[in-house]
Structure formats: C-alpha cells, structure tokens
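What follows is a set of notes on a single structure, which appears directly below.
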Amino acid sequence: MVLTTGHPHHIAGRADRDLLDFASRHRGTRYLRGASAADMELDELTVGTPVGILGLGLTFYDVAAELTVGRGGHFVQRSDGSLEYAPSGHEPHIVAGSRSGLPMLARGRNQKDAYYRYQPVFFTSEALADLRRANRSATGDGQLRFRSQVLPLMLREVEHVYYTTHVRRRDGERAAQVFANWHRSAAGEPESTAPLLKEAGLADLPAIDLETMARPFTGQTFTSPGAFHERLTSLLRDDARQAEQGNLDNPLKAALDILRDIRGVVRDAVEFSSLHPDSHRDEFLGWFNPINTMVSAGPPAVRVSQAIALIEAGVLTVVGPSLRIGTNEDTGCFTLQSPQVTGSYQETEILIDARIPRADARIDASPLMRQLINDGLASVHVNINARDGARFATGALAVTEKPYRLVDATGRPSRGLYALGIPTEDLRWFTQIGNGRPDAMVGFHTDADAIAADVLGHKPPIGAHPVRHSLPTTALSRPIAADL
C-alpha cells in the first residue's frame, strides 16, 4: 500500500470548534474550514451577504475568483493596460485579511524554456556537506542551523542572480558573464563583494530583504481603510509590473525565481532531521517557509492585477495586517479587524478559512490514518538532537529514506507500507507539487520511481502464492473496511 493521500482534513481544534459552535447558534451564519476552493460549498452562499476570508494566499485568489468571475462578473482592460472589474450584481462583498495583510505576490512571467536548468554557484549540496563536516568536527553534531548556516548561502545565490541580471539588462550578456565570474570568485562575502558592486555601479541598488517583501507593513499604522488600500494597491501595482517583465529580464523576479530552482538543495538542507530541532521548527518552518512561499510561489501577475481591480471596485476589502477574528453575539456575525488600520472593523455572516491545512498525522481526521497510528503500523516523525536532547515532533508520517517505507511505533520500517508526498511534509519539504520540466527526473519523480522499483522487486513470481506480511490483523480487517 502506498499512501499518497494529499492535503488532509484535520480534526477541529479549539479555535475551529469555537467558530463552528458560534455559527451553529446563529441562523444564517456559516464557517467553512480550510480546504481547497474546489471542495468548498461556495455556490450555496447567499448573494449580497458579506463573506470574510481568512488568509491571502493561493486559495484566497481561487475563492475570490469563484465569488466574482464565477458569478458573472468580468474584467475589462483599460487603455493603460490596467484592469477594471465590471460586477454582475451577484457577488458578495469580500472582506479578507491575514497576518501580513498582503495578498501573495506574483511570480515573474515565465521566460525559461522547457529545458532550462539552473546550476547553483554558492548554495550547493557540496557546500552543505562541508558545513556538516565542520559541525561534526567542532561539536560532534552534524545538524545545521538554518539562519546562521543555510540562509547565508541561499541569500548569496539569490543576490548573485539579482546583480548579474541588473548587469545583463544594462550592459548585455557578455558583461553579465564577466561580472558573474568576478562575483563568484569573490565568494559572496560582504567584505569582498562591496568593492565589486561599487566598481560595477551596483552599490546603490536596494538590497533584497525577503522578510520586508513578505511583511511590508510591519510596525506601520494607517489612519483609515482608504489609506491602507492606497498603500496596498501601490505596492501590488509595482509587484505586477515587475512580474510582467519576466523571470529572466526583471532582476528582482529573476532572483526570487531562483528560490524555486534551488528547491532540491533546500530539501538536502532540511529533510530527514538535517536541521537542529529548534532551528527546524522556529527558523525554517516558523519563519522562513511562509516568507519563501509569499515571495516565490505566488500566482501569475494577472491575478494580482485582478485583486487591485476588485479593491478599486469596492468588491474586495483587505482589512489589514495582524488580522484578528472574533464574534459578535448580538448581531450573530463574525468580526474582522486589523489593529494597525483605524476603522478597519468589519462584520460578516460567512467566514471562510482559505488556508490549506498543513499535514499532521496526529490530528488527521482520516479513519485510515488514525488507525494506522493507533495500531502502531505508522508513527510520527520526531527530529531529535542527541547531543543536547532537543526534540521536535513534526507531525509528518515517519518514513525511511528511499524507498520511503513507513516506520512503525517500534522504529522498524515496514516491508509493505509506503508514504509519498504531503503525508510526509515537514519530515520532507515542499511535497505539494510533483510536476517538472521535460527530460528531468525531479525529486518527486525519483521518489515515486524508487517506491515503484521496491514494490516490483517484492512482487512474487507468476503462479506463486501472495506474500503475507506479518501485520496485526486488526489493522487490515473489519475496522478499516467499516470506516472506509
């Protein structure tokens, strides 16, 4: 059996239970828990009823499209290339917000052909191996620290593309190659690259700050929703403009797109307890992962332009950063407001959680997953540092390295159970997408191939009796069949 179960449905936690309970006590009030837009009952939402959306990521864009274009509205292109929304009259007023207050930024328009391959200069598996060897030599601990060891290499790679693309756009390909060689030989260290950037006329360029790009409103306050929307739409227009220039021609979008091209090296840095447990939890998953998603995994530029048009048409209100969700017992409505935007308070009878749940086998609502855990056939991965005793239970299904057999409650790998993709997320990384370019076996493909080879390797000869694995009978008999 190969578990490729995709995005999970979680058992409702306390916050979800409170919102569900509130909705059950007020007629007409509904709370839709996190899922993909295709799985939400959006057609049933009453026309004209304000709808609150929690989250401003990819699912937000899908939900907003379903509630606007999906209800007969359409976008018209103005003479200057910007979009204007023509409402149908059937869309609700959409009220949305998130921690950042920023809809996910656009990916650069793709200019890379199907056979494009990027070869990292600084952020390489060899460089990571050197760091691990140094760690073991100094402390006996081969686990890396993300912010102090991994991130600097990653940022050097991003900056290398950023500055080289600036030179290419200004002076042409030959000059860009010369600069790239100089920058590579300078090893990317600030004391080495500062004179080089000055000599190349790049010293005055704004530095790439991933956190500021993903959280641009940190520490800012706005006197009104209108003032916030003015700042927000200005930022989004600039983002869409740069994205339209492409992921090879625009220096910023080219640099951010490299975060996609080096995902394989990131996996090498973080998977299978390669990071110290505290760094894995706080620095990588808690801090970097959402920032990386915001700046490099977004929608095409047209989606950002559409969001601007919806705001200008008054169909979409973005509440602001540090979104706070509450309830009003007197009105029977959910409340949304930002402490950073004066006058941002909004009420809606419908609230949609547009955040796709992260995989966590401990709270997965699937009867199959629950019983695999309860019967000890599967276990949850725990990242442990043997030297200092730090522990981080990731919530991922514990699997071996290739061919990714499930690890049972006693720590033994199974012979007949495998897991691939999202159920292993956080033991692994970025398992949500398995596509790639032609003629290249990307990570997801090689992972699936390894499982297939192992399965076929255990296939009994024709005419032989099937192999019966020594698994508890309760795990494969009536309880699971009844649940399914």
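In region 36-54, what residues are crowded, with 19+ Cβ neighbours inside 10 Å, modelled with pLDDT under 95 and among the small types (Gly, Ala, Ser)?
Matches in region 36-54: Ala37 only.
Filter region 375-391 for residues that are outside any loop (DSSP other than H, G, I, E, B) and of a type in the set (A, V, I, L, M); which is farthest from the chain's Cα centre (by Cα)?
Applying the filter and picking the extreme gives Ile384.
Pick out the one residue from Thr193, Thr164 that is modelled with pLDDT of 95 or more and among the hydroxyl-bearing types (Ser, Thr, Tyr).
The unique qualifying residue is Thr164.
Considering only residues of region 138-154 that are open to solvent by 60 Å² or more (accessible area, probe 1.4 Å) and closer than 17 Å to Phe122 by Cβ, which is farthest from the chain's Cα centre (by Cα)?
This residue is Ser148.
Identify all residues within region 382-394 that are surrounded by fewer than 20 Cβ atoms within 10 Å (Cβ to Cβ) and of a type outside the set (D, E, K, R); write none if there are none.
Val382, Ile384, Asn385, Ala386, Gly389, Ala390, Ala393
Among the residues of region 279-293, how many are of a type in the set (Asp, Glu) and open to solvent by less than 20 Å² (accessible area, probe 1.4 Å)?
0
Quick one: count up the residues across region 17-50 that are assigned to a loop (DSSP other than H, G, I, E, B) and out of contact with any Cys (no Cβ under 9 Å at 6 or more places or on another chain).
Number of matching residues: 14.
Could you check Gln432 against (1) open to solvent by 30 Å² or more (accessible area, probe 1.4 Å); (2) over 17 Å from His10 (Cβ atoms); (3) outside any helix (DSSP H, G or I) and say which number it fails?
(2)
Taking the options Ser305, Ser296, name whichever one is open to solvent by 10 Å² or more (accessible area, probe 1.4 Å) and either of a type in the set (A, V, I, L, M) or under 27 Å from Gln432 (Cβ atoms) (or both).
Ser305
Looking only at region 196-223, how many residues end up being in a helix (DSSP H, G or I), open to solvent by 60 Å² or more (accessible area, probe 1.4 Å) and modelled with pLDDT of 95 or more?
Selection size over region 196-223: 2.
Just to be sure before I move on: is Leu372 touching a residue at least 40 places away in the same chain (Cβ under 8 Å) and buried (at least 22 other Cβ atoms within 10 Å of the Cβ) in the structure I sent?
So Leu372 passes the test.
For the list (1) surrounded by fewer than 20 Cβ atoms within 10 Å (Cβ to Cβ); (2) of a type in the set (D, E, K, R); (3) in contact with a helix residue (DSSP H, G or I) (Cβ under 7 Å, 6 or more places away or on another chain); (4) modelled with pLDDT of 95 or more, I need the number of the one condition that Asp21 fails.
(3)
Please find, within region 408-421, the residue that is least open to solvent (accessible area, probe 1.4 Å) out of those that are out of contact with any strand residue (DSSP E or B) (no Cβ under 9 Å at 6 or more places or on another chain) and of a type outside the set (Ser, Thr, Tyr).
Looking at the filtered set, the residue picked out is Gly411.
Any chance you could count how many residues in region 347-379 are within 24 Å of Leu45 (Cβ to Cβ) and among the β-branched types (Val, Ile, Thr)?
Qualifying residue count for the region: 4.
The values are calculated or read from the model by the stated rules, or taken from the named source; none is laboratory data. A quick note: this is a predicted structure, and the numbers were derived from the prediction, not measured. Heads up, the Cβs are rebuilt from the backbone with ideal geometry, glycines too, and the neighbour counts pull from every protein chain shown. The accessibility values were calculated without ligands, DNA or RNA, using every heavy atom of the protein model including side chains. Shrake-Rupley method; radii C 1.70, N 1.55, O 1.52, S 1.80 Å.
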